[in-house]
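Asker: Following this message is one structure expressed as structure tokens.
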Amino acid sequence: MVSDAKHEKPARSRLEEMVPTHLRHRLVHQDSNEWTTYSRSGEPLVREQPHNLTWVVTRFARECGIDPKEILVAYRTGDFGGSRVDLDIKEATFVDDGNPVALLGAIAEHMEKGELDALPEGPHMDPAWVILREGYDPAHELEVESLLTVSNGYVGTRGTLFERGSPLGPGTLVAGLFERIKEDNPIPALVAAPEWVRVRISILPEESEEEREEETASSFENDILGGTYQQNHRVLDMGSAMLWRELKHQDPAGRVTSVRGFRLASQEDRHLFLQSFTLIPENYSGRLRVEAEADLYPSKHKSYLNPYPSRIAIVRARAGKGEPIIVNYSYAGGAQISVAQIGVLNVTGNRLMHPAVSRIENRVANHWEFEAELGKEYRLDRFVSIFTSRDSRKPAKQSRAHVTSMAERPMETHLRSHLDNWKSRWSVANIEIEGDPASERALRFASYSLLSAANPDDDRVSIGARALTGNSYFGHVFWDTEIFMLPFFICVAPDVARSLLMYRYHTLTGARKNARKNGYRGAMFAWESADTGEETTPRHMTSPSGEKIRILTGDQEHHITADVAYTAWQYYLYTGDRGFLAGPGAEILMETARFWASRVVRKKDDGKFHIEHAIGPDEYHEDIADNAFTNEMARWNLRQAATVARELTRSPETRAGVLELLDRLRVDEKELSSWTEIADDIVIAKERDGVTEQFRGYFGLEDQTVSLERQPGGADFRVFLDIETLGRTQLLKQADVVMLQYLMSDQFSMEQKRRSFEYYETRTLHGSSLSPAIYGLMAARLEKGESAFRYFKMAAEVDLENNMGNASGGLHSAAQGGLWQGAIMGFAGMQASLEGLSLSPKLPAHWRELRFQVHWRGQLLLIRASNQRLEMENSGWEPVLVGARGSGLRELAPGAARKWKPVSENHWQEVA
Amino acid sequence: MKLVNAVYVPLDRSDAAKAVIPIASALADALGATLCFVHAMEHAGAADDLLEYLQLQRKQLHHAILEPLEGEPAEMISKTIAEHPRSMVVMPVRSGENAGSAGLGPVSLQVLKNARCPVVLVPHGGEWENWKPMRMLLPQDSTAACAAAVAPAAEIADHSKASLTLLHVPSYSGKPFSPEQGALPLPRYQDHQPQHALVAWREEFIERLREMGHVTENTKLKLILGMNDPADEILAWDKKLAPDLIVLPWYGDFEHASVLKKVLLETRSPVMVIPIAEHAKDEKAA
């Protein structure tokens, strides 16, 4: 386990120096009983003691996704106490070498060579792996930009056209860096970085040298924005996480130029961004000018959605080899972002041409002018490094050092590392559907969006509602992350899941402040969270008529506190990460339970505990009481905290640590007992004809229903201005009771779920992108096949077809997570319990087979599901318990597979 | 490329017709267009000295062209502007007492119905001598076609350093989305809270209009949401803001143009009616 408090930089060892920075994360180094591992940016991290080699391989290598067959242990005879007793790793290769350092150096060199293997020259040909958008249409450009974002969880850059920029201002957002917007509603908003993707290509007029010298740089008229496009498209290759641009441009004089290139946010080194273009003059020879810009600020008007930097500085802009241009944004609140770029033009014969520098209007640029010959290729490579004040007190200095070091190696080296990283992610995350390429592509897009939103190396940031794909919602973090996105990460990338939960752990201080401010105890997670965890929901908004409207979600939508606790438990349930549960997980559970204990109110008339003045997932009804979702989640939170505390104190492995935690939190046995008692006495929602009442008094509201054909709909904003009218009806914004019956599935019978589903389905407007996926999931579990697929498709189209009309402000990351859950938890029917993992496939009729992988208790399971057959294979290290519906749980040994077939409606049977 | 090459002013002997000259002149100046006075007569040579006949002063003819047309006025004016697609017409709502539908005189009505270019209709009885297009009110209905239509007004605004107030008027009735591809209707209270949805929508609406209508960054844009009937909203904001010009994109079906008719009938501000391009109308209809 890496300890935050113990991040130290030991003296660089010989071995460390021999392995290049970008490969160093693959190295584990033991020296004088100290284990050192390396971050993705090559920084040494000292690991906790003591650990033997078996631990390194079985735990660390698994965390890193390293195949044991690929482990090479170089040692000197006499190392490890002269014995290999603890080296119980059959698959690894052992080399007893007198000079292991030299051996590893040679291997590193070999790996570096391997980086130069053939690399992609264009996007993937398989349409199920790409998102293609033709041309440019200002009416749709903003949603296309969102869709084609490249991101690595540290920085996201929207799919803006390199020659045009975005109509909505800055297109590059940095995770975790906030600045308070100085409007009448001061709240922190994610800041933008200087734009790094702008490139101008011009064919210079034919003129004499003297005339050319007189020409000012801004007066070239044959910029690529003029003329016509014979071919013009952008392709997001999800497999390689590269945004390709292919165009053929004809200028007014008939000269045709082909351009093909890509941009990417390196998944290997999150500070690195690459852009590369190949230009070919197709029917002319002439003088070309290429400008690679760093925009000082792309727009003169200030966007409300992005804070405007208080100071924009060109830190460095010199011509010549290896000279970066560095632009720095400083914000009034202290945040800083530095972008350093180095560009190289590869002209014919692999001759490198280094740039001149121009300063034009509001931009500074590297530029090249050269005589281009008909039919020859000219390639521009740009290396861009981004650092912020979260990384260093001097981000400009760090970005300069970084970009200089990156530009010393060829583009191919970085590209290979990036591709390897994505290959490794896809080796787990990929989903295949036989019989439905459109759904397969949608699920792949969901996985791509989520994986590219995450940064497992930084556990002090989370994923905002629109991730780094747009500035809507100011980068704020909602329940979206835990309830909708985390299940994907828990199953596919547990390292990311842990990191995201650690963000909540690190923001417990803010959550405690929220509780205190509101007169409660424990920790109350913010409905909208930014960097500190303190509540950032605006308290009011100004209506179109200038009226101030009170916003109650920050004050009342408290279910998020239980949602975080619930997901922390789900993480443990799937991963078995006892270290997390006994540490950060337990603290989250205790503090949230304590909040609920202070949040409930005992009423004299019935003697029960109630939760008054709340908002549930359905935000059309505000200031309600005893919302079934909130009450049940709170009940679960209270019970689970007490159960976990007791269980962990009974276990010798965790006892000491948990007693220490309870002591620090001043939680005693009396308080634990009170949580259970409160949980037992929280009022249970009323039921009518088997339908759970959404909140107290809901059934008494005016009953209105909606036509399913009108979905997704949502209420017109003007209706919200008269929220009381909407609140007087039974119309819902999104799944509320249905959501509860998904999360707390065991508490409700199939009949209860069916009745509630049917009742609420006709009253739900799906005014939230979170809603359709959950309805689809529950419809699948209730064997409503047609409905299930209709909702699944609706969820799939939220971003791909912009079916809710608001994808322009960024992708709906929670809808993407919901879609994944719809397929895996819905159609494949996957459910986890403390005992084991079971599936119950109910696929749409046209899906012949669904293939996917999930991590379960540290083992990777390959699952093939159809309506006639289920197969699970354990490609991990240890046996696990798995089963199909009605068949009971069976041990699945490493390397083994088990198969089942349905024998009746609710019963599957194992087959040989 | 200039969006408008010529600003046509149909003249007769009425004061109302000549009263629009300062407006036409200011618009021509802002657009870098030629100012063309046209007078249609049933019989050529009916007036030997057109200047005298129209009772025009020489200074009113400064930098302008005066052109006689032979034929019925409405028909000839329509024909002339049809032959010059990059043109604009500035004329009074009516020049005589004879007011028809929407208060329009017979010539104005006919020209408006036939025009494929912007037509500026100037209300009767205003004081326009020192008119400048400094404040404009632009009703918008969410559609991309409507946004794109404002380009000529944007050019005027850019030159005059005018401020533009966008007035969003609802165009749908019970339908979740406008049928036009690329329309940007009001947010439907999606995803979490309106404090985010509305702010993001407002920002996007302004920037999309800027891009589609070629409104430069020098021009200030403000957005107001109209919550009621479009015509009532336009007239209410007309009263509140007293704009120099209302810029009203129009789908071209005069019989059913309830908003246009009501606005023309009641406003005291000049109205620039911009017909929405045929292909865009087709998309909307689809």
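The values are calculated or read from the model by the stated rules, or taken from the named source; none is laboratory data. What you are looking at is a predicted structure, and each value in this text was computed from that prediction instead of being measured. FYI the Cβ positions are ideal-geometry reconstructions off the backbone, even for glycines, and counts take in every protein chain you see. Quick note on the areas: whole protein, heavy atoms, side chains included, nothing else; ligands and nucleic acids left out. Shrake-Rupley method; radii C 1.70, N 1.55, O 1.52, S 1.80 Å.
Asker: Looking for whichever is in a loop (DSSP other than H, G, I, E, B) and in contact with a strand residue (DSSP E or B) (Cβ under 6 Å, 6 or more places away or on another chain) here; the options are A:F178, A:F162. Which one fits?
Answerer: That would be A:F162, the only listed residue that is in a loop (DSSP other than H, G, I, E, B) and in contact with a strand residue (DSSP E or B) (Cβ under 6 Å, 6 or more places away or on another chain).
Asker: Let me ask something additional. Is it the case that region A:686-705 has a residue that's under 18 Å from A:G607 (Cβ atoms) and in contact with a Ser or Thr (Cβ under 9 Å, 6 or more places away or on another chain)?
Answerer: yes
Asker: When the residues of region A:746-772 are filtered to those that are farther than 29 Å from A:D799 by Cβ and of a type in the set (S, T, N, Q), which remaining residue is nearest to the other protein chains (Cβ to nearest Cβ)?
Answerer: A:Q747
Asker: Let me ask another. Within region B:94-117, can you find the residues that are assigned to a loop (DSSP other than H, G, I, E, B), open to solvent by 10 Å² or more (accessible area, probe 1.4 Å) and either hydroxyl-bearing (S, T, Y) or out of contact with any Asp or Glu (no Cβ under 9 Å at 6 or more places or on another chain) (or both)?
Answerer: B:R94, B:S95, B:E97, B:N98, B:A99, B:G100, listed by residue number.
Asker: Within region A:440-484, how many residues are assigned to a helix (DSSP H, G or I) and within 14 Å of chain B (Cβ to nearest Cβ)?
Answerer: Result for region A:440-484: 9.
Asker: Moving to a separate point now. Mind checking which residues of region A:585-610 are outside any strand (DSSP E or B), within 26 Å of A:E724 (Cβ to Cβ) and more than 33 Å from the chain's Cα centre (by Cα)?
Answerer: In the first step, residues of region A:585-610 are kept if they are outside any strand (DSSP E or B); the result is A:585-600, A:603-608.
Adding the requirement that they be within 26 Å of A:E724 (Cβ to Cβ) leaves A:599, A:603.
Listed by number, the list holds a single entry, A:K603.
Asker: Of all residues in region A:647-673 being in contact (Cβ under 8 Å) with a residue 12 or more places away in the chain and within 34 Å of the chain's Cα centre (by Cα), which is farthest from A:D563 (Cα to Cα)?
Answerer: That would be A:E653.
Asker: May I ask you to list the residues in region A:809-836 that are closer than 17 Å to A:A796 by Cβ and touching a strand residue (DSSP E or B) at 6+ places or on another chain (Cβ under 8 Å)?
Answerer: Across region A:809-836, the qualifying residues are A:A823, A:I824, A:M825, A:F827, A:A828.
Asker: Suppose the filter is at pLDDT 85 or above, in a helix (DSSP H, G or I), open to solvent by 20 Å² or more (accessible area, probe 1.4 Å) and in contact with a helix residue (DSSP H, G or I) (Cβ under 6 Å, 6 or more places away or on another chain); does B:H159 pass it?
Answerer: Here the answer is yes, as B:H159 does meet what is asked.
Asker: Where residues in region A:704-745 are surrounded by fewer than 18 Cβ atoms within 10 Å (Cβ to Cβ) and modelled with pLDDT of 95 or more, which of them is nearest to the other protein chains (Cβ to nearest Cβ)?
Answerer: Ranking the qualifying residues of region A:704-745, first place goes to A:M744.
Asker: A further question follows. Can A:P841 be described as surrounded by 24 or more Cβ atoms within 10 Å (Cβ to Cβ) and either free of Cβ contacts under 8 Å to residues at least 60 places away in the same chain or more than 21 Å from A:E783 (Cβ to Cβ) (or both)?
Answerer: yes
Asker: Condition first: away from chain A (no Cβ under 14 Å), out of contact with any Cys (no Cβ under 7 Å at 6 or more places or on another chain), assigned to a strand (DSSP E or B) and open to solvent by 10 Å² or more (accessible area, probe 1.4 Å). Can you find one or more residues in region B:129-141 that meet it?
Answerer: yes
Asker: Run down A:S303, A:S299 and say which single residue is within 14 Å of another protein chain (Cβ to nearest Cβ), modelled with pLDDT under 90 and touching a helix residue (DSSP H, G or I) at 6+ places or on another chain (Cβ under 8 Å).
Answerer: Values: A:S299 fails: touching a helix residue (DSSP H, G or I) at 6+ places or on another chain (Cβ under 8 Å).
Checking each option against the conditions leaves just A:S303.
Residue-wise test of (1) away from chain B (no Cβ under 14 Å); (2) modelled with pLDDT under 95; (3) closer than 20 Å to A:R516 by Cα.
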| residue | (1), (2), (3) |
| --- | --- |
| A:L581 | yes, no, no |
| A:A586 | yes, no, no |
| A:M590 | yes, no, yes |
| A:A597 | yes, no, yes |
| A:V600 | yes, no, yes |
| A:E612 | yes, no, yes |
| A:E622 | no, yes, no |
| A:E632 | yes, no, no |
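Asker: Just to check your reading of the model, which residue among A:R516, A:R521 is in a helix (DSSP H, G or I) and open to solvent by 50 Å² or more (accessible area, probe 1.4 Å)?
Answerer: That would be A:R516, the only listed residue that is in a helix (DSSP H, G or I) and open to solvent by 50 Å² or more (accessible area, probe 1.4 Å).
Asker: Still on this model: Go through (1) in contact (Cβ under 8 Å) with a residue 60 or more places away in the chain; (2) among the β-branched types (V, I, T); (3) more than 30 Å from A:S389 (Cα to Cα) and name the single condition A:I588 misses.
Answerer: Result: A:I588 passes all but (3).
Asker: Please specify each residue of region A:514-533 satisfying the condition of being farther than 16 Å from A:Y473 by Cβ and in contact with a Pro (Cβ under 9 Å, 6 or more places away or on another chain).
Answerer: Taking region A:514-533 as the starting set, the residues that turn out to be farther than 16 Å from A:Y473 by Cβ are A:514-525, A:532-533.
Within region A:514-533, just A:T532 meets the criteria.
Asker: A follow-up question, please. Show the residue pairs that are 6+ apart or on different chains and have beta-carbon atoms under 7 Å apart, the first residue being within region A:133-158 and within 14 Å of another protein chain (Cβ to nearest Cβ), the second being open to solvent by less than 10 Å² (accessible area, probe 1.4 Å) and part of a strand (DSSP E or B).
Answerer: A:R133/A:R234
Asker: Testing A:R393 on (1) in a helix (DSSP H, G or I); (2) closer than 30 Å to A:E323 by Cα; (3) modelled with pLDDT under 95; (4) of a type outside the set (D, E), one condition comes back false. Which one is that?
Answerer: For A:R393, the failing item is (1).
Asker: If you don't mind, another one. Here is a check on your reading of the model: is B:L138 of a type in the set (A, V, I, L, M) and within 30 Å of B:V215 (Cβ to Cβ)?
Answerer: Values: of a type in the set (A, V, I, L, M): yes; within 30 Å of B:V215 (Cβ to Cβ): yes.
It is true that B:L138 is of a type in the set (A, V, I, L, M) and within 30 Å of B:V215 (Cβ to Cβ).
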